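Here is the structure we will look at.
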Amino acid sequence: MKKVAKFGGSSLADASQFKKVGDIIREDPDRVYVVPSAPGKRFGGDTKVTDLLYRMYYKASKDEDFGEELDRIKERYQDIIDGLELEDFSLEGDFAQIERRMQQSPDSNYAASRGEYLNAKIMARYLGIPFIDAADVIFFSEDGTLDADRTNEVLSEKLSKTPRAVIPGFYGRGADGNPKTFSRGGSDITGSIVARACRADVYENWTDVSGFLAADPRIINDPVGIEVITYRELRELSYMGAAVLHEDAIFPVRHEGIPINIKNTNRPQDEGTWIVESTCQKTGYTITGIAGKKGFCTVLISKALMNSEVGFGRKVLQAFEEYGISFEHMPSGIDTMTIVVHEDEFKHKEQQVVSAIHRLAEPDSVEIDSDLALIAVVGRGMKSTRGTAGRIFSALAHAQVNVRMIDQGSSELNIIIGVDDKDFERAVRAIYDIFVKTSF
């Protein structure tokens, strides 16, 4: 068996956490490729190394002295090196190069990538296995997206000649030859890319929780854990705010049918959550999980005989496209069409978009409403269970929550419910209670 093990920032925050990771890797010889993040917070109120790197870049870009930030970053890494007792190992040359680069041509991608780069060099030395720079094997296209085919080809070739290695997460090489980062949390994507390239049997993603929970623990006290979840279910929950795994980390392994196992570095004995393409295992409840976000608004477009006008929907969506606004959902009726968008993204361009809708689609009216929260109720078990939607709406009515929007796809994998922002937490509790606490 071949495993790729990615470790998050909290798993590598200091030397004691490094030692836990070392024990985990040495305990299982199948863990042949390791993908580390940059050091995270050691305690409440601490600062992640990546945030310090961004601060350093910000000052450098304004031609201000960034010595304080650089010294704090050096101290974090030196504490790890000293704690691991790595004799004759130093990052001084790397820090000298970073300082020169920040003085001469500060770049945010370069700065942010150094957190993973340096941590991976320490990890490679600590484990006694080769270091592979992600900038040599992961590539981005001119438009800033991952060049998946070239990356897979080059990385597969490299790994075929390197049976064990440490590859830093979060970055690769941009089209201009300089380091380029993924979005925050992108080390999850790197791990997935490595798993695909080496055709791993399992992609382990180690963090500070024992897998996914059925609901946000900030809203639900001690929610149940999820043992097995499909890629599609995870995609829905991640998109709606469940943040254990970067939502784009699914795609490379899904292409190869590689399962992901979310594990807890501090409780390695826990089974965690398995993320799979498909499964015959039934969930303990009708639903798999609940997730949601606040801060949406709706744009209601009304026009008589809309349903018989060919191209009406395209014209409306063109108005949003012209101003670079993506839509989240689009429930519709015979003479109405509702576009759900992020309020923060939309509010500064709302009048331009409304004007464009009138110009392009000639509607009877356009109405904007705000303070909408969306809740996704997700579960492969919903399709075979009668009365799921009825139970949701009964629970919400009992909790005195008004439902402003309903959107359910034909797959019956999820139901999206829109409620007032102020009712968000109460709605999540009501849905959780009816399916988990009083399940039958």
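Placing unit charges on the Cβ atoms only, positive for Lys and Arg and negative for Asp and Glu, gives the chain a dipole magnitude near 1040 debye about its Cα centre.
Across all directions of projection, what mean area in square nanometres is found for the Cα convex hull of region 108-260? Write down the numbers at each step before the final one.
Working: hull surface 39.8 nm².
Answer in nm², one decimal: 10.0.
With a 10 Å radius around each residue's Cβ, average the other Cβ atoms per peptide and rank 27-35, 386-394, highest first. Before the final figure, lay out each step's value.
Numbers: 27-35: 19.0, 386-394: 14.6.
Most protected by this proxy first, the peptides run 27-35, 386-394.
Averaged over residues, the count of other Cβ atoms within 10 Å places the peptides 413-422, 146-155 in the sequence 413-422, 146-155, highest first. Taking the empirical scaling 2.2 N^0.38 Å for compact globular proteins as reference, region 54-121 has a Cα radius of gyration ratio of 1.12.
Think of region 335-440 as having a plus end and a minus end, set by charges on the Cβ of Lys, Arg, Asp and Glu; of MET337, ALA395, ALA356, ALA395 sits farthest toward the positive end of this dipole. The stretch between THR47 and ASP28, if pulled fully straight at 0.36 nm per residue, gains 3.7 nm over its current Cα-Cα span. Only helical runs count toward this figure. For the chain, summing -39,500 (n - 2.57) over DSSP H runs of n ≥ 4 and dividing by all residues gives -11500 deg cm²/dmol at 222 nm. In the context of the full set of protein chains, residues of the chain present 46 Å² of accessible surface per residue (probe radius 1.4 Å, heavy atoms only). Note: relative contact order over region 287-440, using C-alpha pairs below 8 Å and six or more positions apart, is 30 percent.
Looking at region 187-305, the DSSP beta bridges with both ends there are about 35 percent antiparallel. Quick one: plug the Kirkwood hydrodynamic radius of the chain (C-alpha pairs) into Stokes-Einstein at 20 °C, 1.002 mPa s, and report D in µm²/s. So the translational diffusion coefficient is about 90 µm²/s.
Once both labels are positioned 7 Å from their Cα atoms along Cα-to-Cβ, the gap between LEU300 and GLU345 label points is 2.3 nm.
In this rough spin-label picture, where each label sits 7 Å from Cα along the Cβ direction, the ASN402-GLU256 distance is 5.2 nm.
With the gyration tensor restricted to C-alpha atoms of region 1-83, the semi-axes of the equivalent ellipsoid amount to 30, 14, 10 Å, longest first. With 0.36 nm allotted per residue and the present C-alpha distance subtracted, the ARG426-SER308 stretch has 38.5 nm of extension available.
Under 19 Å of direct C-alpha separation, and excluding same-chain neighbours fewer than eight residues apart, LYS347 reaches these lysines: LYS293, LYS294.
Just order 378-384, 126-132 by mean Cβ neighbour count inside 10 Å, highest at the front, would you?
On the way: 378-384: 19.0, 126-132: 16.4.
The packing order, highest mean first, is 378-384, 126-132.
Computed with a 1.4 Å probe on the full set of protein chains, the accessible area for SER308 sits at about 80 Å².
Just for the chain, what percent of DSSP beta bridges are antiparallel, to the closest 5? Percent antiparallel among DSSP bridges in the chain is about 65.
Spin-label model, ASP94/GLN281: points 7 Å from Cα along the beta carbon direction are separated by 3.7 nm.
The values are calculated or read from the model by the stated rules, or taken from the named source; none is laboratory data. What you are looking at is a predicted structure, and each value in this text was computed from that prediction instead of being measured. Cβ coordinates were reconstructed from backbone atoms using ideal geometry, including for glycine residues, and neighbour counts include every protein chain displayed. Accessible surface is based on the protein model in full, side chains and every heavy atom, while ligands, DNA and RNA are left aside. Shrake-Rupley method; radii C 1.70, N 1.55, O 1.52, S 1.80 Å.
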